[in-house]
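These notes are about the structure you will find just below.
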Amino acid sequence: MAGILNFFKQSITPSYLGVDIGTTSIKVVEMKSGQQRAASVVNYGILESSGYLARANQVLQTSALKLFEKEVVELLKTVLREMKPQATEVIASIPAFSAFLTVLDFPMMSAPDLERAMAYQAKQYVPLPISEIALEWFKVGETKDEKGFVHQQILLVSLPREQVAKYRKIFELAGLRLAALEIEPLAIARIYGGADPTPTIVVDIGSRSTNIAFIEKGALKFNAQSDFAGASLTQALSTSLGINPLRAEELKKERGIVGTGPNYELSTIMFPFVDAIINEVKKAEYKYASQFPEAPRLERVILAGGTANLLGIEKYFEREMGRPVVKGTPFAGFEYPPVMEPLVPELNPVMSVALGLGLREFI
């Protein structure tokens, strides 16, 4: 299906901004065509609102579909002032918790017939009137029933039109043009799937939510969400040690969860919340296996999001998940200025979504 969340197509000298508006931060990457690779990163910016550490309700958007436009516009303008990008066209992300995703089963049929069938089926699954939502869908698999008939599995994505309008307004007020909106899991699948066919779980651990994407043959096949995330670990340290949340955040980043030596006590405080995230991944994997019984075994886990930089988290995940776990390295697929090289290891998981968004226009 042609994406109805595409608003226009630039045709002259492609240069784009990938903009990831998270729950507590904004990540922006500027891209143009590359020489040796498909795309080149020429600029980037990150701005985080630390107020959420002291006040739990001070975030940029929430899973209750609230988007605080004024705050987002001001932060976005601040990032742009520092970056001074040449590009004005934006590919932006919208979090999966703002969308409704479900996998539907259909017999094989023509594209026009599928479109009519989808419009009918969507009414039964989407929790809002059809007139109030924007719909997209993607084929994510095929199965054969006991009689030999082939069925296609379709991932249905719906977004409230009101939410889409808010995003368009935000970028207009920031002096930018919104070329397309895309849910975060699709950007994640593009950056960690693409030409790599390895069946993979990508666990994107943000500040206030964790996204769990299942990728097969390079494409998104299933997705799940959890409210257990990086801020859960920070709050645990703050409460247990009786310290300011800002100091707890610093300790978390400095010490990690290595679980030995002088940092052992801090690790034991955070372990239950890391376990909660891992349990959410395991539950999502069970649902995935139930919905796609013929899917190949998931061979690896990739960690993304700011919490993926937590010292010791890869080894801990690997031990609990029983398969290889690595931190995402999306910059490996791009050209970028040599001056960025020392920063890339830390930027890699943080910029995953923004990079996936920008890459959309160069492949």
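The values are calculated or read from the model by the stated rules, or taken from the named source; none is laboratory data. All values derive from a computational prediction rather than experimental measurement. Because the Cβ atoms are built from the backbone with ideal geometry, glycine has one as well, and the counts that use them run over all protein chains shown.
In this structure, does PRO262 turn out to be more than 21 Å from the chain's Cα centre (by Cα) and either touching a residue at least 12 places away in the same chain (Cβ under 8 Å) or closer than 18 Å to ASP20 by Cα (or both)? Before you say what the answer is, go through the steps one by one.
Numbers: more than 21 Å from the chain's Cα centre (by Cα): yes; either touching a residue at least 12 places away in the same chain (Cβ under 8 Å) or closer than 18 Å to ASP20 by Cα (or both): no.
So PRO262 does not fit the description; no.
Of the conditions (1) crowded, with 21+ Cβ neighbours inside 10 Å; (2) in contact (Cβ under 8 Å) with a residue 60 or more places away in the chain, SER158 fails just one. Which one is it?
Tallying (1) crowded, with 21+ Cβ neighbours inside 10 Å; (2) in contact (Cβ under 8 Å) with a residue 60 or more places away in the chain, SER158 fails exactly one: (2).
For residues in region 31-81 being among the β-branched types (Val, Ile, Thr) and modelled with pLDDT under 70, which is farthest from ALA231 (Cα to Cα)?
In this case the residue turns out to be THR62.
Condition (residue is under 17 Å from the mean Cα position of the chain (by Cα) and β-branched (Val, Ile, Thr)) applied to region 146-158: is it met by at least one residue?
Looking for residues that are under 17 Å from the mean Cα position of the chain (by Cα) and β-branched (Val, Ile, Thr), one finds at least one in region 146-158, hence yes.
Are any of the residues in region 237-244 under 16 Å from SER207 (Cα atoms), in contact (Cβ under 8 Å) with a residue 12 or more places away in the chain and surrounded by fewer than 20 Cβ atoms within 10 Å (Cβ to Cβ)?
Taking every residue of region 237-244 in turn, none turns out to be under 16 Å from SER207 (Cα atoms), in contact (Cβ under 8 Å) with a residue 12 or more places away in the chain and surrounded by fewer than 20 Cβ atoms within 10 Å (Cβ to Cβ).
In region 239-249, which residues are more than 21 Å from THR23 (Cα to Cα) and assigned to a loop (DSSP other than H, G, I, E, B)?
GLY242, ILE243
Go through region 88-195 and tell me which strands (runs of 3 or more DSSP E), entirely inside it, have 1 or more residues that are charged (D, E, K, R).
Details: elements: 89-94, 100-107, 133-144, 150-160, 177-183.
Filter on region 88-195 gives 89-94, 100-107, 133-144, 177-183.
Residue by residue through region 336-354, note down the ones that are aliphatic (A, V, I, L, M) and out of contact with any strand residue (DSSP E or B) (no Cβ under 6 Å at 6 or more places or on another chain).
VAL339, MET340, LEU343, VAL344, LEU347, VAL350
Among ASN279, ASN348, which is within 22 Å of the chain's Cα centre (by Cα), under 30 Å from LEU181 (Cβ atoms) and assigned by TED's automatic domain parsing to the domain that holds GLN36?
ASN348
Listed here are the residues, each with its yes/no results for (1) within 19 Å of ASN309 (Cβ to Cβ); (2) outside any helix (DSSP H, G or I); (3) of a type in the set (Asp, Glu); (4) out of contact with any Cys (no Cβ under 8 Å at 6 or more places or on another chain).
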site: PHE228; (1), (2), (3), (4): yes, yes, no, yes
site: SER232; (1), (2), (3), (4): yes, no, no, yes
site: LEU237; (1), (2), (3), (4): yes, no, no, yes
site: LEU251; (1), (2), (3), (4): yes, no, no, yes
site: GLU254; (1), (2), (3), (4): yes, no, yes, yes
site: VAL258; (1), (2), (3), (4): yes, yes, no, yes
site: ASN263; (1), (2), (3), (4): yes, no, no, yes
site: LEU266; (1), (2), (3), (4): yes, no, no, yes
site: PHE271; (1), (2), (3), (4): yes, no, no, yes
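Would you mention how many residues in region 274-292 are over 18 Å from GLY322 (Cα atoms) and surrounded by 20 or more Cβ atoms within 10 Å (Cβ to Cβ)?
Number satisfying all stated conditions: 0.
With SER93, SER110, SER98 as the choices, which residue is surrounded by 13 or more Cβ atoms within 10 Å (Cβ to Cβ) and at pLDDT 85 or above?
SER93
Quick one: what pairs do we get from region 78-95, first residue on the phi < 0 side of the Ramachandran plot and touching a residue at least 40 places away in the same chain (Cβ under 8 Å), second in a helix (DSSP H, G or I) and of a type in the set (D, E, K, R), C-beta under 6 Å, 6+ apart or different chains?
Going by the 6 Å Cβ cut-off, the qualifying pairs are ILE91/ARG360; SER93/GLU184; PRO95/GLU184.
So ALA195 clears everything in (1) more than 15 Å from the chain's Cα centre (by Cα); (2) at pLDDT 90 or above except one condition, right? Which one?
If we test ALA195 against (1) more than 15 Å from the chain's Cα centre (by Cα); (2) at pLDDT 90 or above, just (2) comes out false.
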